[in-house]
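The values are calculated or read from the model by the stated rules, or taken from the named source; none is laboratory data. Bear in mind the structure is a predicted one, so any value in this text is a computation, not a measurement. Here the Cβ positions follow ideal geometry from the backbone for every residue, glycine too, while neighbour counts run over all protein chains shown.
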Amino acid sequence: MEKGVSLIESLLVVVIIGSIVFLLANIPNALMLISKARHVSLAREIAVKQIEDKRNINYSNLVNDNSAISDSRLSLLPQGVGTVVVEDCPAAICANDEPIKQVTVTVSWVDNNKAQNINLNTLIGEEGINQ
């Protein structure tokens, strides 16, 4: 019986080690993508909540405004900030001067040194939800 390592055994070890190195090299990228997905999801949740809050206000109390979002979850986003803009409906959309307000919610943060943001727009009319 001969002692030693065959060529197939050597190649198998090289393939296994290469696979492990490949997997370990991709872990940081995978973690970064998971973090980015969490941030996008949270930003959307914050923006949707702001729109829901505005829709629950009686139309007559919905005034033109540009205000900062005060949601505590913004602190979970790196450098997270947000604004809510309420304005009269643009003439291009509301050509007949309908009693409609446009609400734009923007949530911004920084991911991997790149500015990110989510923008949601909606129209709220006088005869809308809860009116």
For this session: Select from segment 89-116 the residues that are among the hydrophobic types (A, V, I, L, M, F, W, C) and loosely packed, with under 12 Cβ neighbours inside 10 Å and write down the one among them that is nearest to ASN29 (Cα to Cα).
Result: ALA115
Exercise. Of the residues ILE46, ILE57, ILE51, which single one is in contact with a Ser or Thr (Cβ under 8 Å, 6 or more places away or on another chain) and either within 17 Å of ASN119 (Cα to Cα) or assigned to a loop (DSSP other than H, G, I, E, B) (or both)?
Worked result: ILE51
Exercise. Give me the pairs: first residue in segment 90-114 and more than 30 Å from GLY80 (Cβ to Cβ), second residue at pLDDT below 95, beta-carbon distance under 6 Å, and six or more apart or on different chains, which are they?
Worked result: CYS94/ILE100; PRO99/GLU126
For this session: Quick one: in segment 62-118, of everything that is assigned to a strand (DSSP E or B) and of a type in the set (D, E, K, R), which residue is farthest from the chain's Cα centre (by Cα)?
Result: ASP88
Exercise. For segment 52-88, which residues satisfy the criterion of being of a type in the set (Gly, Ala, Ser) and surrounded by 13 or more Cβ atoms within 10 Å (Cβ to Cβ)?
Worked result: GLY80, GLY82
Exercise. Which residue out of ILE46, ILE51, ILE69, ILE27 is of a type outside the set (Lys, Arg) and over 12 Å from VAL107 (Cβ atoms)?
Worked result: ILE27
Problem set entry | Residue within segment 27-41 that is surrounded by fewer than 14 Cβ atoms within 10 Å (Cβ to Cβ), within 31 Å of the chain's Cα centre (by Cα), under 25 Å from ILE124 (Cβ atoms) and not basic (Lys, Arg) present | yes
For this session: Please give the number of the condition SER75 fails out of (1) in contact with a Ser or Thr (Cβ under 9 Å, 6 or more places away or on another chain); (2) of a type outside the set (A, V, I, L, M); (3) within 18 Å of ALA47 (Cβ to Cβ).
Result: (1)
